[in-house]
Structure formats: C-alpha cells, structure tokens
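What follows is a set of notes on a single structure, which appears directly below.
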Amino acid sequence: MFCYQCQETARGKGCEIQGVCGKKPETSARMDQLLYIARGIAIVNRQLREKGASSKGASRFIVDALFTTITNANFDNDMLDGYITKALELKNELEGESKKRGMEPPFMPEVSYHIPKEEYGVHEVIEHGGTLKEEITSVLHDKNPDIRGLKQLAMYGCKGMAAYARHACNLGYEDEDVYVIIENALAEISRPDIDVDELFSLVLNVGEGGVKAMALLDKANTSTYGNPEITRVDIGVRNHPGILVSGHDLKDLEELLEQSAGKGVDIYTHSEMLPAQSYPFFKKFPHFAGNYGNAWWRQIDEFETFNGMFLFTSNCIVPPRPKTTYMDRVYTTGVVGMPGTHFILEGKDGKKDFSEIIERAQTCQPPTEIEHGEIVAGFAHNQVLALAPKIIDLIKSGKIRKFVVMAGCDGRMPSRKYYTEFAERLPKDCVILTAGCAKYRYNKLPLGDIEGVPRVLDAGQCNDSYSLVVIANALKDAFGLESVNDLPIVYNIAWYEQKAVIVLLALLSLGVKNIHTGPTLPAFFTPEILKVLQEKFNIGTITTVDEDLATLIG
Ligand code: FSO
Ligand code: SF4
C-alpha cells in the first residue's frame, strides 16, 4: 500500500505497511481501486455531459466514492467491495450510454475501458497485491513525484469538496458546477501527458469548486436550520442516558432528534458536531444536551466514559484498541464504515430509521462527567456581521490589532500543543477566528473578550471556513480595501485530512496569501511544488511559537 493523504502519514513520507490511522493494506488497495474506477466514471460522464447527457446518479456516486476514502471514514472492506461492485456496474452502464450515442469513450491509457469486468475483480487485486493491477491503481503509478503530488493534491481537494457536496445534497441542495469541477479534475489527472503548469491551474480550479461547495453547504444548512447565533454550550452532562453524535451531517442529527423526542434519551454533540448547538432549529429540542468530549482523536478514551450509544455521520472514526469496550454500541451511517459496529442504511423514502440505537440507548447508564462548564459558539458569518459595526470600531480604535485564522483540524501529534501555546500567548488585542476541530486546542482556555467580543470566534465546522471568507470580504469592503490581503488578518491553519486541503485550496483560489499551515507540510508537497506555492502565495509552515508570533503578529 501507499497512502500519504493526511498529516499523520508515516515518517512524514507515506504509509506503506499499514496506515498510522489504522488503515490496513487490504482496505487501502480497495480504496485505490474504487478511486481508479471512479476516475473512469468521471471521464465518461464528462464526455456525456458535452452532449447534455451526463448522469446525476454517476455524479452522486463519484462524490460518495471520494468521501468514503477520506481519512478516518471507512475501514470496512465489505462495504468498500459494495462500492466497487456498484462502480463497475455504473461505469459499464455509462459506457453503454456513450456508445449508444455513437461516441467512443476517450482513450485514456491509464484508465482503460477495455479490460473485461472480471479483471477488475476486487479479490484479484487484493490477492495479487503488488502486481500490475495494484500498480495501475496505486498513487505511486505516477513516477514523477511532482506530477504525482499535484495530481494527488487535486484528488484530495476533490475528496474534501465531495464531503461538503454530500452533506448539502442530503439537505436537497446540489450545484452542477461542483460536479463538473470534480469530474473534470478526476478526468484530467488521468491524463498521462498533463504537465506541471496545467496541474497547478487544475488545482486552483479545484479550489474554486471548494468555494462553491462550501457556499452551497452554507446555504443548505442556514436555509434549513436558520443562521447560527451566539450560544453558550454546556460541556457537562445530564442524568439521562445519551446518544453521542459525531461527524458533520446535520440531516442525520435532525432525524435522530425527531425520532428520539420524548424517549428519555438525551442527544449530545461530539467533535465537529458541536456547531449544531448554535442553529435555532436544533435548540428547540429539549432533549438536545451539550457537547461531550473533545476533538476526534480523543474518542478512544472519552467514549469509554460516555456509557451510552454513538452515531457517526461522517469521519473521523478511530479503530478500536484491544481493550475498547464500546464498539458494539457504535452505529455508522452515510459513507462511514467500521467492522464491529452497526450500519444504518437510508430507506427508499430517503429517511433513516434510528429506532434501534434509540431503544438501546434507553438501557444505558447516563454519561460520566469528564468536564464542567460552558463554551461559547455560533460565530458564523451572519452573527459576526451583526457585530460588524462594533468590530469595525474596535479595529479603528486599535483595540483589535489583528485577527488570526486558526481553522482546520486537530490531530494526535504532540507537536500540536503548539496551537494551544500560540493561542495562550497571542497578544490580548488579537482575536482568533476558527472553524473545524482545530479549535479544541484552545476553545476551553480563558482567553476573555475585547469589549464583549470573545477572543475566540468559532464559525463552526471546517466547511464553515466559508464564513471566515464572507467575514473577510465584508471587512475588506467596510475599509474600502482592494484585497483581503490588505486586512489585519493572518492565517495559521492546522491540517489533518483532506477537508482541510480543500479549505486551503479554496483560500488560494480566492487569492489569499501568506498562509501558514502546520504542524507539518503535506508529504505530497515536493520541494518543487512548495517552491511554486511559495512564489505564488507565500505559503509557509509553522516554526516556534516565539518566531511565529513575531512574524505573524509583529
Ligand atoms: Fe476534524 Fe475529522 Fe472537520 Fe476533518 S473531525 S479532522 S478537517 O474530519 O472534517 O475538522
Ligand atoms: Fe496513512 Fe493518513 Fe493514509 Fe491513514 S490516511 S494510511 S494515516 S496517510
């Protein structure tokens, strides 16, 4: 296997024996194969689109195939085999459709159309791992590291975009442009003759798709559930049994809240579900309790004390340790899979039946309290813009010197304590704008406020980084500036998985410069790729807290 898509990749180079995340080679091979076939589907669907005959079903399938291969989403080989079987059927169907219209599927030597179906058999690839088949589907198939890195950068951006598109689609919102950009990127990276310059433009186009996908999801979330508002979130526990909801899908949360009302069970948020606490719609449920625990990677300890049931609506799910006791109480849905847990399928009517998890929750003990107190959330664009006159005054009077965007992900590496220290030592006239699970490194610190404006403004999930863009644009207009780069905003972004990649590409496509990303640079950034990114965007990585405070804040 070879995978270098996340920040925790082995030795900062690539996972080759087994994933640091727990991904096994058999799983990795299936994911490579699924993505390979998904590229084939994208190629034919792109061609069909030219004739106005693209398949929406294919676009949605590609989105799921990308999403399920994101870090910490799917560890279930049987489920991946199901995706692969479906992918082959779909590819054959589209090919038939294309031939019916008198079109020859484009010649793409890397994604051959003429290999008989049996040759793609899942088990063959697995059993003959390392033979030609795996070589074709592997990331390492591209021998030139710069080309490989840029192709994968586009691929990872598409994975992040796909995650956001899927959540929006679950709420009935789709944007054909997002599908066009994803499918075009997958088709283009399958071209053996694509060069570095073309790939850089492609990567920025993926970033533009990211802006569209985040805007779409923002619209889907706020139109359905209202605009997030300032909310004090309880981090303690109540005295009923609970279901802890993790991941990013608000539709799943809605259905679970509705079905569990009046059943003597409380619903808690976990990790990236915390921002749901600030939507007016969810607040109306009396059994919607607070937020339990911290960022994704601490689940393995924190779930032991929750005592109840768990629902994963998207990544990040972590494989169990030998002494883990809660696995049988975990339910997954959507693109999430983990052996030893239970899967909730969407019904034909588009609804999910959560009765089993609710009934089992009723027999559980209430959660054990691990923390006590409150955190303040709900600073998405609408809420921040409501405070804009005040914020602008504070900037003009010098009481707010700088905003520091510290969005992104948290992770296991001890070096991430940098972010806690950075937040703690930030001068008192600086405000943190955050989104994503990166915030758990500092959202419980007593950082205070500036004349009533909290020093940590939490916009929400990682996709709500879109809010930060809206806020930056509004400030730019208010100050009559030409570019967002002229604002007193600096970027110190933490990344872990591929959604952070699309957030980064989205910012680059909007022309944001001087972004620091850490705790380490992606392994797929070769020195050559980094050189270009530095020249064009002045991207950097973190050093020490002292040094970065000096460079970023001055
Ligand atoms: Fe975190 Fe995981 Fe939102 Fe990611 S929970 S790491 S960027 O999935 O998606 O921030
Ligand atoms: Fe390794 Fe990350 Fe890939 Fe998992 S997702 S195999 S940790 S690079």
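The values are calculated or read from the model by the stated rules, or taken from the named source; none is laboratory data. Since the model is a prediction, treat every value here as computed from it, not as a measurement. So basically every Cβ, Gly included, is an ideal-geometry build from the backbone, and we count neighbours across all protein chains shown. Protein only, heavy atoms only, side chains kept; ligands, DNA and RNA dropped before computing areas. Shrake-Rupley method; radii C 1.70, N 1.55, O 1.52, S 1.80 Å.
Table: residues versus (1) within 26 Å of the chain's Cα centre (by Cα); (2) within 22 Å of Asn315 (Cα to Cα); (3) within 16 Å of ligand 2 (Cβ to nearest atom); (4) crowded, with 24+ Cβ neighbours inside 10 Å.
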residue	(1), (2), (3), (4)
His270	yes, yes, no, yes
Ala276	yes, yes, no, yes
Pro280	yes, no, no, no
Gly290	yes, yes, no, no
Asn294	yes, yes, no, no
Ile300	yes, yes, yes, no
Counted residues, segment 8-20 - those being touching a residue at least 60 places away in the same chain (Cβ under 8 Å) and buried (at least 16 other Cβ atoms within 10 Å of the Cβ): 3
Check on Val206, assigned by TED's automatic domain parsing to the domain that holds Lys351 and buried (at least 17 other Cβ atoms within 10 Å of the Cβ): no
Test for Ala58: is it among the small types (Gly, Ala, Ser), more than 14 Å from ligand 2 (Cβ to nearest atom), without any contact (Cβ under 8 Å) to a residue 40 or more places away in the chain and surrounded by 18 or more Cβ atoms within 10 Å (Cβ to Cβ): yes
Residue match in segment 476-489 (condition: away from ligand 2 (no atom under 16 Å from the Cβ), in contact with a strand residue (DSSP E or B) (Cβ under 7 Å, 6 or more places away or on another chain) and not assigned by TED's automatic domain parsing to the domain that holds Tyr292): yes
Selection within segment 302-316 - among the hydrophobic types (A, V, I, L, M, F, W, C) and open to solvent by 10 Å² or more (accessible area, probe 1.4 Å): Cys316
Residue within segment 507-516 that is part of a helix (DSSP H, G or I), under 21 Å from Phe422 (Cβ atoms), open to solvent by 10 Å² or more (accessible area, probe 1.4 Å) and in contact with a strand residue (DSSP E or B) (Cβ under 9 Å, 6 or more places away or on another chain) present: yes
Residue within segment 339-358 that is under 23 Å from Asp410 (Cβ atoms) and either within 15 Å of ligand 1 (Cβ to nearest atom) or open to solvent by less than 10 Å² (accessible area, probe 1.4 Å) (or both) present: no
Boolean, Val336 is buried (at least 23 other Cβ atoms within 10 Å of the Cβ), at pLDDT 95 or above and in contact with a Leu (Cβ under 9 Å, 6 or more places away or on another chain): no
Test: Leu244 is within 16 Å of ligand 1 (Cβ to nearest atom), of a type in the set (A, V, I, L, M, F, W, C) and either free of Cβ contacts under 8 Å to residues at least 40 places away in the same chain or touching a helix residue (DSSP H, G or I) at 6+ places or on another chain (Cβ under 8 Å) (or both): yes
Where Lys476 falls short, out of the listed (1) under 24 Å from Asp393 (Cα atoms); (2) in contact with a Ser or Thr (Cβ under 9 Å, 6 or more places away or on another chain); (3) in contact (Cβ under 8 Å) with a residue 60 or more places away in the chain: (3)
Per-region count, segment 181-202, residues surrounded by 18 or more Cβ atoms within 10 Å (Cβ to Cβ) and in a helix (DSSP H, G or I): 10
Enumeration of residues in segment 275-315 that are assigned to a helix (DSSP H, G or I) and β-branched (Val, Ile, Thr): Ile300, Thr305
Unmet criterion (only one of (1) in contact with a helix residue (DSSP H, G or I) (Cβ under 7 Å, 6 or more places away or on another chain); (2) farther than 26 Å from Tyr164 by Cα) for Ala361: (1)
Condition met for Cys430 (within 16 Å of ligand 2 (Cβ to nearest atom) and either within 28 Å of the chain's Cα centre (by Cα) or of a type in the set (Ser, Thr, Tyr) (or both)): no
